[in-house]
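*Asks:* Pasting in a structure now, in structure tokens, and then I'll have a few things to ask.
Just so you know, all these numbers are worked out from the coordinates, no wet-lab data involved. Given the structure is predicted, the values throughout are model-derived calculations rather than measurements. All Cβ positions, even for glycine, are placed from backbone atoms using ideal geometry, and neighbour counts span all protein chains on display.
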Protein chains: 4
Amino acid sequence: MSERPLNVGLIGGGGGAFIVQPHQRAIHFDGTRRVTVAALHPDPEVAQAEAAAWEYPLKGYDSYDDLIKQEAAKPLGERIDYALIVTPNHVHFDPAIKCVQAGIPVFCEKPLTLNIDEAKQLVDAVKEKNVPFAVSHTYLGHWTSRFARFIVKSGLLGDVRWVDSYYLQGWLAARTEDSGNAQAEWRVDPKKSGASLCGGDIGTHALMQLRYVTGLDVTRVQAHLETFVGGRSLDDHFTTYVELSNGGRGLVRASQIAIGHKNDLGIEINGTKGSLVWRQEFPEELTIRLPDQPDRTYFRGSVSANDGFLKDLPEELMAEPNIPPGHPEAFHDAFARLHRCFEQDVRAYNDGKPFECDGSKYANIDDGYMGMAFIQASVKSSQEGNVWVNMDC
Amino acid sequence: MSERPLNVGLIGGGGGAFIVQPHQRAIHFDGTRRVTVAALHPDPEVAQAEAAAWEYPLKGYDSYDDLIKQEAAKPLGERIDYALIVTPNHVHFDPAIKCVQAGIPVFCEKPLTLNIDEAKQLVDAVKEKNVPFAVSHTYLGHWTSRFARFIVKSGLLGDVRWVDSYYLQGWLAARTEDSGNAQAEWRVDPKKSGASLCGGDIGTHALMQLRYVTGLDVTRVQAHLETFVGGRSLDDHFTTYVELSNGGRGLVRASQIAIGHKNDLGIEINGTKGSLVWRQEFPEELTIRLPDQPDRTYFRGSVSANDGFLKDLPEELMAEPNIPPGHPEAFHDAFARLHRCFEQDVRAYNDGKPFECDGSKYANIDDGYMGMAFIQASVKSSQEGNVWVNMDC
Amino acid sequence: MSERPLNVGLIGGGGGAFIVQPHQRAIHFDGTRRVTVAALHPDPEVAQAEAAAWEYPLKGYDSYDDLIKQEAAKPLGERIDYALIVTPNHVHFDPAIKCVQAGIPVFCEKPLTLNIDEAKQLVDAVKEKNVPFAVSHTYLGHWTSRFARFIVKSGLLGDVRWVDSYYLQGWLAARTEDSGNAQAEWRVDPKKSGASLCGGDIGTHALMQLRYVTGLDVTRVQAHLETFVGGRSLDDHFTTYVELSNGGRGLVRASQIAIGHKNDLGIEINGTKGSLVWRQEFPEELTIRLPDQPDRTYFRGSVSANDGFLKDLPEELMAEPNIPPGHPEAFHDAFARLHRCFEQDVRAYNDGKPFECDGSKYANIDDGYMGMAFIQASVKSSQEGNVWVNMDC
Amino acid sequence: MSERPLNVGLIGGGGGAFIVQPHQRAIHFDGTRRVTVAALHPDPEVAQAEAAAWEYPLKGYDSYDDLIKQEAAKPLGERIDYALIVTPNHVHFDPAIKCVQAGIPVFCEKPLTLNIDEAKQLVDAVKEKNVPFAVSHTYLGHWTSRFARFIVKSGLLGDVRWVDSYYLQGWLAARTEDSGNAQAEWRVDPKKSGASLCGGDIGTHALMQLRYVTGLDVTRVQAHLETFVGGRSLDDHFTTYVELSNGGRGLVRASQIAIGHKNDLGIEINGTKGSLVWRQEFPEELTIRLPDQPDRTYFRGSVSANDGFLKDLPEELMAEPNIPPGHPEAFHDAFARLHRCFEQDVRAYNDGKPFECDGSKYANIDDGYMGMAFIQASVKSSQEGNVWVNMDC
């Protein structure tokens, strides 16, 4: 029997914000989730006006406090099943912890919070209430990210020696913040963005991709936060040399001044037995390089368990609702896969089952916390002369 | 003020059909359209069982006849706003013409009908009733297809001399029809597929891409329909040398036995002043080649009207709801763009405005007809010894 | 013991001709061959002046007649060991047959002669005298061309169904012949170029690549010779649909009006078991596509006999003097490989051994003849309304 | 008037050494240089036996001491015009300084010497005697390297902010030194290789590419020399974060354990106005990325001074003896360009003109010294805990 679509509430997203658009498409993608309510803006009048003019009917709230309070009071089936938090970084913590305390599952944009102290409180709250909580690391949602994780885990590459995880953009190469770009404005402001601009915004994605695909943690960092564009107080270029929990090494690096790079997240892994290369801008492909073999480029949808190299390819991975190869998936498909997985956990939660999340389907609260710890350690390293700093500093 | 979402009815799509999935995602994508009813299968019991088990709640009809009759009887706002026809080729005509006669807009899979006679009747009906009608040529929906069309029209490439439009797949290189693949089974059957397998299924896409991007018609063809896999009565490989309405020449070619090609639709245009290259599997890119210039590779989202080469870039093109460059769009985004454009025409139709469609937003009934004429001329050419045959043969 | 370097005589090559430069580099490449004499120009004064100003010391002859007569009269070791003919097409036959009759081995530019009658005479002369004779189909000299030929022969791709062999350039898209380009001037002149410009100049390369890699012959053609640039009497665009000797089909196509294509020779083969893709502009790579396998991209120098797919990889192929992978080979390396192989046959001939050439190392006189037959059949097909014409018409 | 070819003497190169082969091809490439003598091996008997069996006639010397002494005693025109030193690293200094002192120009493999002290002595000797001296940084010889240098100098990219210069290989990912690979054996031996394996062998190339293309010096380094393969005493993976002389920053990094990378030298430059990307394995291409422009990919041979972006393109650069675009140049072409430029300086030296070399044509003795200083600073940084170390430490 068909089940009713889940109801989602937006917190933030007004004012022409970019990231709320792909989230909505991902929510609606499967027909099994829908946005029903929203607190779009800190100003109640703006919030209501935007809600009334939204592309589809939506109940507008004056504030996220109202939204949380009133929704939590409704019975299951009428209330929202989860909240999506797409506010600037400094307004993640407050609505997130309030949702959690009200028992409302949360899908939260990254970085998790403004600083590590907020992150700690939030981790504690989530664990205490055991409410489904996802951090929006979109790129885990690519089928090829899942496949890369499987390949490393399968041992095909041997032990990981070296990882180069990078995220390069060019959109802040000039003073974009002076040209009326709202996102640029708040991102360069330490009060809204946190202690690191480039590291916080996109370096955390590069870290997450490394951690997700390799299954390894970063234990120490030696960081260089650079500010190339005059008049900024935060980094617009970010490089860390890292130690991994298995003794391997790597680079986690990011840039917002690399003109010509649009959204160039990628990872290369060199193991004792082989290498793996993946780039987000070409998300249908993944190349494996093994000694004595030509380059092996896999395409989503045409991976075969019978190729003689992939052992015990999980049925679950292959069964993912997919379109055939050559009908490319991309950004919205990845986003939708995250919301689809979160939906399953929310439905189980609605049924009274305990929430369990090992981070294999989407980034969880621990992943969010590690992102904040990484920023804190990197900022400290850079400020103290690019010295080595432990992640639990 | 927000408007109610449009209601869409599915005709066909049960039994694990592939193409109904991307259509549903595209319909739901924006939150402004939703599937509400369906006649999923020719067997009423199956139709009802599948509807009851659908991923989201859906009213099931016993048959498309029932669906059309009952929906047409409902008032606007309650009835479906348009029907999506995703049945095999031989079941396009009947539901399509019945919808049209009932005043229900239609979004129909290609090829338009089983043969040219059906196509002629359908064209007449659509023109008489003036009901919104779209043919599902997905790949027009890529932003880069729109951009390619603009570039040719702008004169940047001069006059079109030569076009190579191709669509290469490998999924029928072996006897896929014997392995339980339902789509392969009906596609190799002339009663369900029509007079051409490869030409009808994908050659028509290559033709449409040529016609859409260049704005030219094919006037004559010299065709080779080959059957490489034993036991088939239809072509699995298709090549036409064509004359264009401006005196240019080209190839429109397709294959289903090209192992390794997944869904490789592409086009290259050589004009008197420059060339253009585009491939569907990398739908974010488009390369222009001009004398005295290096290769110029544009990426969706980072095209600038100030590059000194693009004159009078339409605001409408640039304003399309988009995600930033590097957050790649792909198959579902193209599909969604078609439904989004069709939605606009359906809303106008609901408001009593006359339907006008010049084919610039999605393929219209005339485009569907040209596809059928192309198949007929190609089959005739091939059967008569690969001679030249006029399109209006 | 080291052997003396072979002596090579140039016939043609003065006046800034392009192709004589890479030939000289290829001759000198290994230190085992050197250019010693030359008849550079039809005008004796020019010929002597150019010889005197040559980049390195060179004995200049007034004419190729003088060169052939005087060199043939010298004892082995002092005379030239072979002649390189790099004149325009209409001056291939005369020096070539005179060399052959004088017992001087010949390395001749393609197309072999101006027309099929000359070609027949030359074939007869070469077979009667049994003198080493090579036709300069450069691209066979790429290691990856050799590798491609091995792969087809090994059966890895099954039976060849379809071949697309193409050679695309853009340098004649405008009236280059009016801008002082000497090569363009003679190439557009039927008296110097022969019955086909585009087909003769580069279509023959595409044909040769098909024949060399697949080991198949073309048996019938249906051709379209187009002239897109006004004022020309010869084709600048050339497309043939061909039948192969095993019953397969293919395209052999060429263009000189495809702006942006520099020297884009490439081939794709679709067999019953797999496909192969190769492009001359990226001559270090070759991609194999097999069902159930990801794309397998081989790089020259890192091919392993232990990859589980390559059976009985010939030692000879692997032993070729090579630089390690990633130190790319390119045009001059291919050219040098041809001269290196020809050197071996010339040394054997000098030692009195009978000349045997199966076309596996470089194009032989039969290959040259097939090129001329292909041009003749294609021209006839095109002139008679694009009808089917047998190769032995 | 033609001039006699220059005579070149080989020092080292016996025993199947890799690098002597491309050098010989590069020397012979143009017909204006030739190898005439050689001291191929430290063992006189081996040296003579190898010389006698060389691919072409060659005078063999018992030792490089003999070669230098006896050649220096011959008159100009009979003696060697320059020596090529292709011994292992620890045998660079002695023959190099002896040649210099004997007035014989030297083309020397990199790294210049075994350590910085030797390098200093050699610099002094070269400057005192003012003898032509080249260090074999092959990759400067690519036309696209020259073009990249021009582009940076022209100001098209603005000021250099960030450079990522890398050189990745995988051939030492396993214990290659145990498998009979002679090059691997000496490279892992500190007595023959110097204080850094990976940094010395290929990190110096990455440094040189950075210095050559940007015209900037590295002033400080923070280095990580890693040894991933057990049983080695030297680094097989090398990463430095560097400060540039204009205040910019960058990475100079290298690996020999990156399985699948063959010879992957590349550079990316991010300036205030644009970016540049180049890779050695695709040496015909160079991509420029500017705001408001699509990616601009230049191909050697089809660069036009009229493209509106390249100001004052030097005639000298465009006049370089080249083959047309699409007839790709590669490794040997780059090597030949270096020897061709060195030939010009040697001919001038032979004519008694003072030797002047600004490093724009090939790497000079100062470049060689900077490579040694870079290794020394990097080793020190890594040993002292990855601290910042000045280049003139």
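*Asks:* Evaluate E = 1/(1 + (r/R0)^6) for C:GLN344 and C:ASN246, where r is the Cβ-Cβ distance and R0 equals 35 Å; express this FRET efficiency to the nearest 0.05.
*Replies:* It comes out at approximately 0.70.
*Asks:* Next question. If I stretch the segment between D:ASP292 and D:ALA52 completely, what's the gain in nm (0.36 nm per residue apart, minus their alpha carbon distance), one decimal? Each step should come with its number before you reach the end.
*Replies:* Values: separation 240, 0.36 × 240 = 86.40 nm, distance 6.23 nm.
This chain segment gains 80.2 nm when fully extended.
*Asks:* Which of the aspartates and glutamates could a cross-linker bridge to B:LYS74, judged by Cα under 18 Å and excluding same-chain residues fewer than eight apart?
*Replies:* The qualifying aspartates and glutamates are B:ASP62, B:ASP65, B:ASP66, B:ASP351.
*Asks:* Let me ask another. Based on alpha-carbon atoms only, what is the radius of gyration of the range C:258-328 relative to the globular estimate 2.2 N^0.38 Å?
*Replies:* 1.26
*Asks:* How high is the relative contact order of chain D, in percent, with contacts defined as C-alpha pairs under 8 Å that are six or more residues apart?
*Replies:* That works out to 19 percent.
*Asks:* If you take the charge dipole of chain B about its Cα centre, with +1 on Lys and Arg Cβ and -1 on Asp and Glu Cβ, which of B:GLN169, B:ASN7, B:GLN222 is farthest toward its positive end?
*Replies:* Positive-end residue among those listed: B:GLN222.
*Asks:* For the range D:71-98, list residues with backbone N below 18 Å from a point placed 7 Å from the Cα of D:MET1 toward its Cβ?
*Replies:* The answer is D:76-78, whose backbone nitrogens lie closer than 18 Å to the label point.
*Asks:* After finding the eigenvalues of the alpha carbon gyration tensor for the range A:123-247, what semi-axes result from the square roots of 5 times each, listed largest first in whole Å?
*Replies:* Equivalent-ellipsoid dimensions as semi-axes: 30, 19, 15 Å.
*Asks:* Residue separation times 0.36 nm, minus the C-alpha to C-alpha distance between D:LYS380 and D:LYS153: what's the value?
*Replies:* Gain on extension, D:LYS380 to D:LYS153, equals 78.5 nm.
*Asks:* On average, how many beta carbons from a partner chain sit within 10 Å of the beta carbon of a residue in A:248-254?
*Replies:* 2
*Asks:* Also, I was wondering about something else. Across all directions of projection, what mean area in square nanometres is found for the Cα convex hull of the range A:1-130?
*Replies:* Over all viewing directions, the range A:1-130 projects a mean Cα-hull area of 8.0 nm².
*Asks:* So, one more: So which of B:LYS262/D:LYS273; C:LYS110/C:LYS353; A:LYS380/D:LYS191; C:LYS262/C:LYS380; A:LYS120/D:LYS380; B:LYS192/C:LYS380 end up more than 31 Å apart, counting from Cα to Cα?
*Replies:* Working: B:LYS262/D:LYS273 39 Å; C:LYS110/C:LYS353 27 Å; A:LYS380/D:LYS191 40 Å; C:LYS262/C:LYS380 29 Å; A:LYS120/D:LYS380 40 Å; B:LYS192/C:LYS380 41 Å.
Among B:LYS262/D:LYS273; C:LYS110/C:LYS353; A:LYS380/D:LYS191; C:LYS262/C:LYS380; A:LYS120/D:LYS380; B:LYS192/C:LYS380, the Cα-Cα distance tops 31 Å for B:LYS262/D:LYS273; A:LYS380/D:LYS191; A:LYS120/D:LYS380; B:LYS192/C:LYS380.
*Asks:* At B:GLU320, label 7 Å along Cα→Cβ: distances to the other copies, nm, ascending?
*Replies:* Result, one decimal in nm: 2.6, 4.0, 4.4.
*Asks:* Another one. Which FRET efficiency value, to the nearest 0.05, is calculated for B:ALA305 and A:GLU185 with the Förster distance at 22 angstrom and r the Cβ-Cβ distance?
*Replies:* Plugging the Cβ-Cβ distance into 1/(1 + (r/R0)^6) gives 0.35.
*Asks:* Moving on to the next point. Based on DSSP, what percent of beta bridges with both residues in the protein assembly as shown are antiparallel, to the nearest 5? Don't jump to the answer; show the numbers that get you there.
*Replies:* On the way: 162 of 262 bridges.
If we restrict to bridges inside the protein assembly as shown, about 60 percent are antiparallel.
*Asks:* Still on this structure, I have one more. Provide a whole-number value for the mean count of partner chain Cβ atoms within 10 Å of the Cβ atoms in peptide C:46-56. It would help to have the intermediate numbers written out before the result.
*Replies:* Working: counts 0, 0, 0, 0, 0, 1, 2, 2, 3, 7, 9.
Taking the mean over all residues of the peptide, I get 2.
*Asks:* Please give the FRET efficiency for B:THR272 paired with B:GLU356, using the beta carbon to beta carbon distance and R0 = 41 Å, rounded to the nearest 0.05.
*Replies:* Plugging the Cβ-Cβ distance into 1/(1 + (r/R0)^6) gives 0.80.
*Asks:* Based on the inverse mean of 1/r over its pairs of different Cα atoms, what is the Kirkwood hydrodynamic radius of chain B, in Å? Don't skip to the answer; put the middle values down first.
*Replies:* Values: mean 1/r = 0.0463 Å⁻¹.
Computed over Cα pairs of chain B, the Kirkwood hydrodynamic radius comes out at 21.6 Å.
*Asks:* With an 8 Å cut-off on Cα pairs and a minimum separation of 6 or more residues, tell me the relative contact order of the range B:66-136 in percent.
*Replies:* 31
*Asks:* So how compact is the protein assembly as shown: Cα radius of gyration and Dmax in angstrom?
*Replies:* 34.6, 110
*Asks:* Here is a follow-up. Which residues does the label zone of C:SER233 cover in the range C:172-197, counting backbone N under 16 Å from a point 7 Å along Cα→Cβ?
*Replies:* Output list for this probe position: C:185-197.
*Asks:* Give me a single rounded figure for D:270-282: the average over its residues of other chain Cβ atoms within 10 Å of their Cβ.
*Replies:* 4
*Asks:* Another question, then. Kindly state, as a whole number, the per residue volume in cubic angstrom of the convex hull around the alpha carbon atoms of the range C:238-377.
*Replies:* Output value, Cα hull per residue: 180 Å³.
*Asks:* Can you compute the modelled spin-label distance between B:ALA102 and B:GLU45, with each label point 7 Å from Cα toward Cβ, in nm?
*Replies:* For the pair B:ALA102/B:GLU45, the computed spacing is 2.5 nm.
*Asks:* Also, quick follow-up: For A:LYS74, which inter-copy label distances result when the label point lies 7 Å beyond Cα on the Cα-to-Cβ vector, reported in nm to one decimal and in ascending order?
*Replies:* For A:LYS74, the inter-copy label distances come out at 2.3, 9.6, 9.9 nm.
*Asks:* Identify which of D:SER275, D:SER302, D:SER136 has the largest mean-square fluctuation in a Gaussian network model of chain D, with springs joining Cα atoms closer than 10 Å.
*Replies:* Its mean-square fluctuation being the largest, the pick is D:SER302.
*Asks:* Sort shortest first the distances from A:ARG347 to its counterpart in every other copy, using label points 7 Å along the Cα-to-beta-carbon line, and give them in nm.
*Replies:* So the label point of A:ARG347 gives 3.1, 7.4, 8.0 nm to the other copies.
*Asks:* Find the Cα radius of gyration of the range B:91-144, compare it with 2.2 N^0.38 Å by division, and give the number to two decimals.
*Replies:* Details: Rg = 11.5 Å, N = 54, 2.2 N^0.38 = 10.0 Å.
Working it through for the range B:91-144, the quotient is 1.15.
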